[in-house]
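Take a look at the structure set out below.
The values are calculated or read from the model by the stated rules, or taken from the named source; none is laboratory data. Everything quoted here is computed from the prediction, not taken from an experiment. Neighbour counts are summed over all protein chains in view; Cβ atoms, including those assigned to glycine, are modelled from backbone coordinates with ideal geometry.
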Amino acid sequence: MANILMMSHNEIPDARVEKESRALIDAGHKVYLIVPKVRSKITKESFTKVYTYPYNFKHYFYSLIIRDAIKFHKEIIKKHSIGLIHAHNIICINLAMKLNRNSDIKLIFDDHETWSLYLQLRMKSGLGIRKFLRWFLYLRTKRIEKCAAAKSDHIIVTNRKCIDFYIQKYQIQEDKITEIENIALQQEIDKALKSDELIHDFFKKDKRKKIIHVYRSPPVKNSKQFHRDVLTNRNYNKIIDAQEKLDDWVLVLFGKRNPGLEKRGAVFIEYLPRIAYLANISKADVGINPLVINAKTSISSQNRIFEYAKLGVRIISTKTQLLEENFEDKLIWFNPDDHIDKLVNILENIDRYPTGEEIQNYSKKFSWEEEIKKVIQVYEILQN
């Protein structure tokens, strides 16, 4: 069994990181995690031990600039006799490649985002110094990604379209890359569906049909610039336009309040713990998955799609090839360039579309418990 150093620039909780680690521990491995911050209680079932380190912008750079990080991580590697590094995302794989240089430590790159595509699109928005920084990060990320494709012993991505991306872009061998869809744990779904005591009063008292989504608030002062961003614009206005035409529907967003959207009738519910969040989603009539169609989103798997489906909630989504292949005719398609009347018609006639129960039954073909077996197999191969 391996002593594994798992690195992630995301704070805990992070469902994917925790689920992968838990499965590796169940298989007999030891997992030592390094993250910037821990915001939830850590259980022994999730990680062997957790360390914190402030990953940030400078960790995109070279050895001289990040030598403090290299020293910190090498001490942990030595202390726990680490034999394999599992690096989540671009900052951590940049550091990990320096840590396993001239050593026998195996290296796994777990890419949640296809980061070069993500930053290429981000580069197109922003002003002044922000635009310059995004341009620089894009070029640096392309370099890191190319090196990671060549130097990693194995790459993990979120779906089969990302496998195609790596094969075509970096000519890597197909047996060197594995897709692990980020599907919700069935035990979490089951617990949420039995947790009526966690349902928010709004869902109990408001009789209107509910459309739900998670709202991401602007991280910058210029919120107009934020909503022009090619990745963050979710076309809420079009959804609210449809809601305003229908007295019996309301848009519910989980996240920090936006007064502008509230004035137009959207209802905001504060961020909730994981099970409470899933329990409340299960009481909605429709979950939405609005996307700006581009090179990144066309090969992306949205976690919320699997959550909606597992919870038995109808789904209105932008149509991408990957989603169509995964869900066939079980989703309701509405694209950014579709006229608002189409969305109004969908909501008025929602009972003509596949029911929540139908999509829930269909979603049984997707299983995290099956997906994680691929990760265990990767570790078995790397150890032999």
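Name every residue in region 325-346 that is more than 27 Å from E244 (Cβ to Cβ) and either under 19 Å from the mean Cα position of the chain (by Cα) or basic (K, R) (or both), in order of residue number. Before you say what the answer is, go through the steps one by one.
To start, the set of residues in region 325-346 that are more than 27 Å from E244 (Cβ to Cβ) comprises 325-330.
Across region 325-346, the qualifying residues are N326, F327, K330.
State yes or no: is Q187 polar (S, T, N, Q) and surrounded by fewer than 19 Cβ atoms within 10 Å (Cβ to Cβ)? Quick ask: steps written out before the conclusion?
On the way: polar (S, T, N, Q): yes; surrounded by fewer than 19 Cβ atoms within 10 Å (Cβ to Cβ): yes.
In short, yes.
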Hits in region 84-115 (condition: more than 26 Å from I163 (Cβ to Cβ) and of a type in the set (G, A, S)): S103
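Results for (1) in a helix (DSSP H, G or I); (2) surrounded by 17 or more Cβ atoms within 10 Å (Cβ to Cβ); (3) touching a His at 6+ places or on another chain (Cβ under 8 Å), shown as yes or no for each residue.
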position: C92; (1), (2), (3): yes, yes, yes
position: M97; (1), (2), (3): yes, yes, no
position: I108; (1), (2), (3): no, yes, yes
position: H112; (1), (2), (3): no, yes, yes
position: S116; (1), (2), (3): yes, yes, no
position: L121; (1), (2), (3): yes, yes, no
position: F132; (1), (2), (3): yes, no, no
position: L139; (1), (2), (3): yes, no, no
position: A149; (1), (2), (3): yes, yes, no
Under 7 Å between Cβ atoms, which residue pairs at least 6 apart in sequence (or on different chains) link something in region 246-260 that is more than 22 Å from V344 (Cα to Cα) with a partner that is of a type in the set (A, V, I, L, M)? F254/V214; F254/I269; F254/L272; G255/V214
On the given criteria, is Q321 of a type in the set (S, T, N, Q), out of contact with any Pro (no Cβ under 6 Å at 6 or more places or on another chain) and surrounded by fewer than 17 Cβ atoms within 10 Å (Cβ to Cβ)? yes
May I ask you to say which residue of D337, D351 is surrounded by fewer than 16 Cβ atoms within 10 Å (Cβ to Cβ) and outside any helix (DSSP H, G or I)? D337
Which residue out of D175, D190 is at pLDDT below 95 and of a type in the set (D, E)? D175
Residue that is nearest to Q302 (Cα to Cα), among those in region 195-213 that are exposed (fewer than 15 other Cβ atoms within 10 Å of the Cβ) and within 27 Å of the chain's Cα centre (by Cα): I199
Those residues of region 10-39 which are part of a loop (DSSP other than H, G, I, E, B) and farther than 24 Å from L272 by Cβ, in sequence order: A27, G28, H29
Output the residue which, of all residues in region 13-43 that are modelled with pLDDT under 90 and aliphatic (A, V, I, L, M), is nearest to Q187 (Cα to Cα). A15
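Of the residues N94, N100, N89, only one is polar (S, T, N, Q) and either modelled with pLDDT of 95 or more or more than 21 Å from the chain's Cα centre (by Cα) (or both); which? Walk me through it before giving the result.
Values: N94 fails: either modelled with pLDDT of 95 or more or more than 21 Å from the chain's Cα centre (by Cα) (or both); N89 fails: either modelled with pLDDT of 95 or more or more than 21 Å from the chain's Cα centre (by Cα) (or both).
Sole residue among the options that is polar (S, T, N, Q) and either modelled with pLDDT of 95 or more or more than 21 Å from the chain's Cα centre (by Cα) (or both): N100.
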